Every structure is written in C-alpha cells, then in structure tokens.
Amino acid sequence: MSGKIDPVKKMAELLKSGATMLAETCPVKGCNLPLFKLPSGEIVCPVHGKVYMVKTEEEALEVKEKLSLRSVLDKLENKVLLILDDLSNNTIPQTSELIEWLEVLERIRRIKKLISEK
Ligand SMILES: [Zn+2]
C-alpha cells in the first residue's frame, strides 16, 4: 500500500470490525473526521490512528496545545538540522556557532521528551 489513507474506506473497515462511530471529532487540526471506538476501548481517527480522548474543554485545549507545541518543535528541529548540515557542507563552521546550534537542538529534544512523557 502506498500514498494516503482513504478515510471513507478506512471508516467502512472500522465499522465492519465492530467499531462504533462517536459524536466527537478528531482533535488534529484540519482533520475533523469522526472518531471511532474500537471493541478494545481504544479511540481512533480513521486517518491519524489512536487519539487522546478528552472529557472537558480544558483538557481538549491542553491536548491541542501540546500537539501544536510538538509540531512547532518538530519544525524547529528540522530547521536546526538543516542549518547544521549547511554549516558543515558549505562553509568552514565556527566552532562556537556550531556548539550554539547543537545546544539549541539538544534543548528542543529535551522539551519534546518532556511533553511526550505526560
Ligand atoms: Zn484525524
């Protein structure tokens, strides 16, 4: 199988496997697909797989913040990796500059670890 998941096909599969469709929608930004409860009790989005199930608005907000924070950190991490690549390929890196970027990278990874641990 290659490419994107067909949500309609996936939803049909979920229903066939005994999952029930919920009134809640996927918390991933721009997704909005209905969530499904598997016979095992797990809550899944047809596209994003397992999702956090939240009970209150406050909790929902917290999860959304965490998810968007993580995607920002992912972008930062990629950016820093690109900069590091650039530094070692195209120019003779200044050691101090290199160390600074490595520290930034290290910090990003530490924050990502912290937010995924809860
Ligand atoms: Zn989704």
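The values are calculated or read from the model by the stated rules, or taken from the named source; none is laboratory data. The shown structure was predicted, so the numbers you read here are calculated from the model rather than taken from an experiment. Please note that ligands, DNA and RNA were not included when accessible areas were found on the heavy atoms of the full protein model with its side chains. Shrake-Rupley method; radii C 1.70, N 1.55, O 1.52, S 1.80 Å.
Would you check the accessible area of L15, probe 1.4 Å, heavy atoms only, in square angstrom rounded to 10? The accessible area of L15 comes to roughly 100 Å².
Accessible surface computed residue by residue for segment 58-117, with neighbouring protein chains in place and a 1.4 Å probe, gives 78 Å² per residue.
Given Cα pairs under 8 Å that are at least 6 residues apart, what percent is the relative contact order of the chain?
The normalised contact order for the chain reaches 16 percent.
Across the accessible surface of the chain, with the other protein chains kept in place and a 1.4 Å probe, carbon and sulfur atoms take up 57 percent. Calculated on the Cα set of the chain, radius of gyration then Dmax: 19.6, 60 Å.
Compared with the dominant Cα axis of the chain, that is its longest principal axis, helix 7-16 is turned about 50°. Note on K4: lysines with a C-alpha under 26 Å away, same-chain residues under 8 apart excluded, are K16, K29, K37, K50, K64, K66, K75, K79.
In the complete set of protein chains, residue-level accessible area for K79 is approximately 120 Å², probe 1.4 angstrom. Diffusion coefficient of segment 7-53 by Stokes-Einstein, Kirkwood radius over Cα pairs, 4 °C, 1.567 mPa s: 126 µm²/s.
The residues of segment 7-53 expose on average 63 square angstrom of accessible surface per residue, using a 1.4 Å probe on protein heavy atoms.
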